[in-house]
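To start, the structure itself, in structure tokens.
The values are calculated or read from the model by the stated rules, or taken from the named source; none is laboratory data. Because the structure is a prediction, the values reported are computed rather than measured. Here the Cβ positions follow ideal geometry from the backbone for every residue, glycine too, while neighbour counts run over all protein chains shown.
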Amino acid sequence: MKTANYNRFIDFMAKLESTATTAKERDVINSARGMFAKFEGTAATMDVDMASKSRSPEFGTMPHNGSKAKPMTQAEKDAFNADVNARNKQWKKQVGGLKRRVKTAERTLEEYAGIAPGELDAWVENTLRPTIEEYLDSEEGGLVWTDETKKKVKKELGPGGFITPAMKRAQYDADKKAYLDRVKSKKDAEAKKAAVDQSKADGKEDIEGEEQKGEPEKKKGLFSRMKAKLFGESIDATDLRACYESVFGNSEHLSDEAIRAICYNAVERKFR
């Protein structure tokens with residue numbers, strides 16, 4: 001195998017590993033890299049020009065070309081995995097900062113839309129939309145450090161990446177749908193609340209409110225509790241008076257005994 005091809009494969013495996021999210025995924029990638037390195041030791045001889053083979057005094061002894069890569073040691077694996085974790089952590093931090101700034105930018109752009117709508121719309125069409133399309137049309141590798149200081153990372157874009165435009169557009173469609181669903185849900189909730197508020201302002205109860213407020217009979221429902229032990233002292237006079245007043249109004253002119261008698265007669269008639 002030619003050295004250039006082998007190195008290209010090793011670079012690709014490094015990019016692939018930079019996106020691994022679990023130790024198991026990284027081990028699988030490392031195993032594949034090691035197996036390929038061993039295979040390369042013999043496969044490299046297949047790249048030797050046949051003419052050079054025919055000139056060789058011993059045809060069975062074919063010279064090797066290209067470097068023979070060794071599998072990564074455990075220390076090298078640990079160092080590489082630590083670097084991958086550092087890149088992922090830094091990327092998450094950067095994205096979080098961007099999201100916070102976007103919220104502020106959204107409000108600013110909404111205000112500016114009322115000042116210069118034509119200019120803002122032209123900027124969206126000529127700058128923002130092309131930037132999105134350029135990203136969607138590009139291939140993407142893993143996360144790489146922007147420089148040797150290792151303070152910021154970026155997505156590596158360009159030929160040779162393993163995240164394809166088709167994969168990006170599928171994610172784009174999913175993210176867009178999820179956002180629109182959230183917007184619709186928020187608008188529906190706001191519209192429902194506005195309708196309820198309007199009903200209250202008009203002095204009307206909404207249907208749900210009526211169902212919850214409910215059944216007038218529940219105010220008289222103490223009858224069912226009094227049926228078995230109406231004359232027993234277990235029924236407090238205050239409860240009986242409350243029951244009476246829920247039906248007939250003020251009971252100040254009646255004694256507790258009178259209230260008890262009235263409730264008794266009412267229950268007798270109800271369950272007779």
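For Ala122, indicate whether it is hydrophobic (A, V, I, L, M, F, W, C), loosely packed, with under 13 Cβ neighbours inside 10 Å and either more than 30 Å from Ser31 (Cα to Cα) or assigned by TED's automatic domain parsing to the domain that holds Phe12 (or both). It would help to see each step written out before you state the result.
Numbers: hydrophobic (A, V, I, L, M, F, W, C): yes; loosely packed, with under 13 Cβ neighbours inside 10 Å: yes; either more than 30 Å from Ser31 (Cα to Cα) or assigned by TED's automatic domain parsing to the domain that holds Phe12 (or both): yes.
Spelling it out, Ala122 is indeed hydrophobic (A, V, I, L, M, F, W, C), loosely packed, with under 13 Cβ neighbours inside 10 Å and either more than 30 Å from Ser31 (Cα to Cα) or assigned by TED's automatic domain parsing to the domain that holds Phe12 (or both).
Looking at Glu110, Glu76 in this structure, which one is part of a helix (DSSP H, G or I) and surrounded by 11 or more Cβ atoms within 10 Å (Cβ to Cβ)? Steps first, please.
Numbers: Glu110 fails: surrounded by 11 or more Cβ atoms within 10 Å (Cβ to Cβ).
One residue alone meets the criteria, Glu76.
If you check Lys219 against the conditions, is it at pLDDT below 85, among the basic types (Lys, Arg) and either in contact with a Ser or Thr (Cβ under 6 Å, 6 or more places away or on another chain) or surrounded by 10 or more Cβ atoms within 10 Å (Cβ to Cβ) (or both)? Spell out how you get there, then give the answer.
Values: at pLDDT below 85: yes; among the basic types (Lys, Arg): yes; either in contact with a Ser or Thr (Cβ under 6 Å, 6 or more places away or on another chain) or surrounded by 10 or more Cβ atoms within 10 Å (Cβ to Cβ) (or both): yes.
Answer is yes for this residue.
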(request) Kindly check whether there is at least one residue in segment 187-207 that is in contact with a strand residue (DSSP E or B) (Cβ under 8 Å, 6 or more places away or on another chain) and of a type in the set (Ser, Thr, Tyr). (result) no
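Among the residues of segment 99-113, is there at least one that is of a type in the set (Val, Ile, Thr) and touching a residue at least 24 places away in the same chain (Cβ under 8 Å)?
No: zero hits.
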(message) Against the conditions (1) under 24 Å from Phe9 (Cα atoms); (2) free of Cβ contacts under 8 Å to residues at least 60 places away in the same chain; (3) not polar (S, T, N, Q), where does Gly142 fall short? Just the number, please.
(response) (2)
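The rows are residues; the columns are (1) surrounded by 13 or more Cβ atoms within 10 Å (Cβ to Cβ); (2) in the same structural domain as Asp11 (by TED's automatic domain parsing); (3) part of a helix (DSSP H, G or I).
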residue	(1), (2), (3)
Val102	no, no, yes
Gly118	no, no, yes
Glu134	no, no, yes
Thr149	no, no, no
Glu156	yes, no, no
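Could you check segment 158-202 and list, in sequence order, the residues that are among the aromatic types (Phe, Trp, Tyr) and in a helix (DSSP H, G or I)?
Step one: list which residues in segment 158-202 are among the aromatic types (Phe, Trp, Tyr), which gives 162, 172, 179.
Of everything in segment 158-202, those that are among the aromatic types (Phe, Trp, Tyr) and in a helix (DSSP H, G or I) turn out to be Tyr172, Tyr179.
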(request) Can you tell me which residue within segment 159-194, out of those that are closer than 30 Å to Leu143 by Cβ and of a type in the set (Ser, Thr, Tyr), is surrounded by the fewest Cβ atoms within 10 Å (Cβ to Cβ)? (result) Tyr179
